[in-house]
Amino acid sequence: MLQQSQLPLTNNHARLRALHFDDAAPYAAGTADPAVREFGHLPEPEYTPASVRAMIERDAAPGLERGDLAVLAIANAADDAFVGSLVIFDVRADSAEVGFWLHPSARGRGFASSALALAAEFAQRSGLSTVTARTAADNAASQRTLESAGFRAGTTETATAPSGKRIDIVHYELPLS
């Protein structure tokens with residue numbers, strides 16, 4: 001189980017923390033980005049600030065409290081401004097899966113790889129030994145980010161994304177030491 005008490009975590013670039021209601025507007029704006037729509041495969045077809053606040057109350061806060069789901073904010077370490085989201089899900093006794101997306105204005109600035117390092121630290125502090133990820137086979141940017149964060153590529157298969165769409169995905173794994 002994920003240990004909520006380990007959050008927030010901060011490194012020299014990013015902060016990984018629980019979502020706040022103040023994150024609702026930038027979260028909704030980020031999910032409207034065409035690249036997030038294409039590659040994020042988010043479970044909802046559209047997000048508004050009100051629907052994000054409802055998701056925080058209904059899913060994010062209770063999941064973090066239970067320790068089986070972490071819908072988190074990726075924030076700029078310098079000012080705590082929301083720059084994207086990282087989700088840890090499918091939590092098992094020794095592993096969990098991670099997914100992430102960034103607001104377009106935050107891309108290419110190292111936030112994703114910094115947030116993945118923090119997610120690995122969070123998982124390890126929670127007693128997990130492996131973090132996995134999946135990404136679309138045609139999402140080269142996500143693949144580069146995962147590999148730069150130490151994830152190793154594995155098999156490719158056709159699967160159903162959280163959006164319900166069938167896509168070719170590449171599996172990744174990061175053993176935690």
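Computed from the coordinates by the stated procedures, all read-outs in this text should not be read as laboratory data. Worth saying up front: this structure is predicted, and the values here are computed from it rather than measured. Positions of Cβ are backbone-derived with ideal geometry, glycine not excepted, and every protein chain shown enters the neighbour counts.
Would you mind classifying the range 42-140 by shape? Square roots of the alpha carbon gyration tensor eigenvalues, ordered a ≥ b ≥ c; an a/c under 1.5 is rounded, otherwise it is prolate if a/b is larger than b/c and oblate if not. Taking the square roots of the gyration eigenvalues as a ≥ b ≥ c, the range 42-140 is rounded. If we count every other residue with Cβ under 13 angstrom of ALA61's Cβ, Lys/Arg +1 and Asp/Glu -1, where does the sum land? Here the count lands on -1. Contact order, relative form, for the chain: 24 percent (alpha carbon pairs under 8 Å, 6 or more residues apart, mean separation divided by residue count). What shape does the chain have by the C-alpha gyration tensor, where a ≥ b ≥ c are the square roots of the eigenvalues, rounded means a/c under 1.5, and otherwise prolate means a/b greater than b/c and oblate the rest? Rounded shape, in that the Cα axes give a/c under 1.5. In the chain, excluding the sites themselves, the longest stretch lacking any of the trypsin sites (Lys or Arg not before Pro) that are in a DSSP loop with at most 12 other Cβ atoms within 10 Å is 1-91. Compute the Cα gyration tensor for the range 101-177, then decide on rounded, prolate or oblate, letting a ≥ b ≥ c be the square roots of its eigenvalues: rounded whenever a/c is under 1.5, prolate when a/b is larger than b/c in the other cases, and oblate in all that remain. Oblate. Count Lys and Arg as plus one, Asp and Glu as minus one, and take only other residues whose Cβ is under 9 Å from that of PHE82; the net charge is then -3.
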